[in-house]
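The structure appears below as structure tokens.
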Amino acid sequence: MDTRWVDKNILCLGDSLTEAGIWPARLQENLRCNVRIHCKGGLGMKGIVDGGKSPVGELKPLTEALVKDVDLIIFYAGYNDRGLADGGFGDLYSPMEERADRTIAGTLQYCINRIYEELERADNLGCKVQIVTPHCVGKYQYIEVDGYHEYPEGSGRTVKSLAKTMEKVSVENNLPCCNLWEQSGINKHTWKVYGANPGLDEVHCSQAGYELIGDIITGAVIKNFGL
């Protein structure tokens, strides 16, 4: 497509779904932009901005240099924060908190603040920011319930509530949110098409699943920031 995004720079922050590289490549193909990724599988939201170690490697913190020449930052995370309390607007993660005391709302707010800290250091506050939530996941070897069900049991926390919490925090920060739970079309009927390994790994995606996510995020960018 011939859009305002041709040759613009987009930085994608995320976990293993971004590290796979397929949906960012789809975004780049669709918008004819330049896409870079800053991500590592196994990390939660905080680790993506502050850096951290996971079973598959280490990610350095987000820095001024990484955001200096960027026109759009896409923050797509939350899968590895599943199980935290949803929380609400006004929550803010503190480095003194243990994981068990954190909330989804407070952690996302912290990450938004950190992104803008680096953008301000880089004198690039005109950069756009897009939040993306997890999609409707199936079962995975580490979590034996799908995204419709509570985790932990009895907590009332589902991937749907996680996504809605991220959406609410985004709105309170005047930022657009692409809610993949609601918009992707990935669900219990389509995991056979879009899941990486139906019945075993329905969190990560097949080629078709990642390309679909790339197309949905492309549409969100155009809708929120213009063609």
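Using a basic spin-label model with each label point 7 Å from the Cα along Cα→Cβ, how many nm lie between Ser94 and Leu227?
With each label point 7 Å from Cα toward Cβ, the separation is 4.9 nm.
About the Cα centre of the range 65-218, how large is the charge dipole given +1 on each Lys and Arg Cβ and -1 on each Asp and Glu Cβ? Please answer in debye to the nearest 20.
Here the size comes out at about 260 debye.
Over the chain, what is the relative contact order in whole percent, taking alpha-carbon pairs under 8 Å and six or more residues apart?
Computed over the chain, the figure is 20 percent.
Tell me which lysines have Cα within less than 26 Å of Lys60's Cα, excluding those fewer than 8 residues away on the same chain?
Hits, sequence-local ones excluded: Lys8, Lys40, Lys46, Lys68, Lys128.
For His189 and Asp101, compute 0.36 nm times the residue count separating them, minus their Cα-Cα distance, and round to one decimal in nm.
Between His189 and Asp101, full extension yields an extra 28.2 nm.
Once a ≥ b ≥ c are taken as the square roots of the eigenvalues of the Cα gyration tensor of the range 10-144, is the result rounded (a/c under 1.5), prolate (a/b larger than b/c) or oblate (a/b not larger than b/c)?
oblate
Taking 0.36 nm per residue of separation and subtracting the Cα-Cα distance, what length does fully extending Asn124 through Lys160 add?
Taking Asn124 through Lys160 to full extension adds about 9.7 nm, to one decimal.
Which of the following values of Cα Rg over 2.2 N^0.38 Å was calculated from the structure shown: (i) 0.95; (ii) 1.01; (iii) 1.07?
So the structure-derived entry is (i).
If you keep only loop residues by DSSP, which chymotrypsin sites (Phe, Trp or Tyr not before Pro) in the range 75-145 have at most 12 other Cβ atoms within 10 Å of their Cβ?
Here the sparse-neighbourhood loop sites are Tyr142.
Rule-based calculations on the coordinates, nothing more; no lab input. Just so you know, these numbers come straight off a predicted model, no measurement behind them. Every residue, glycine as well, gets a Cβ built from its backbone with ideal geometry; the counts of neighbours run over all protein chains shown.
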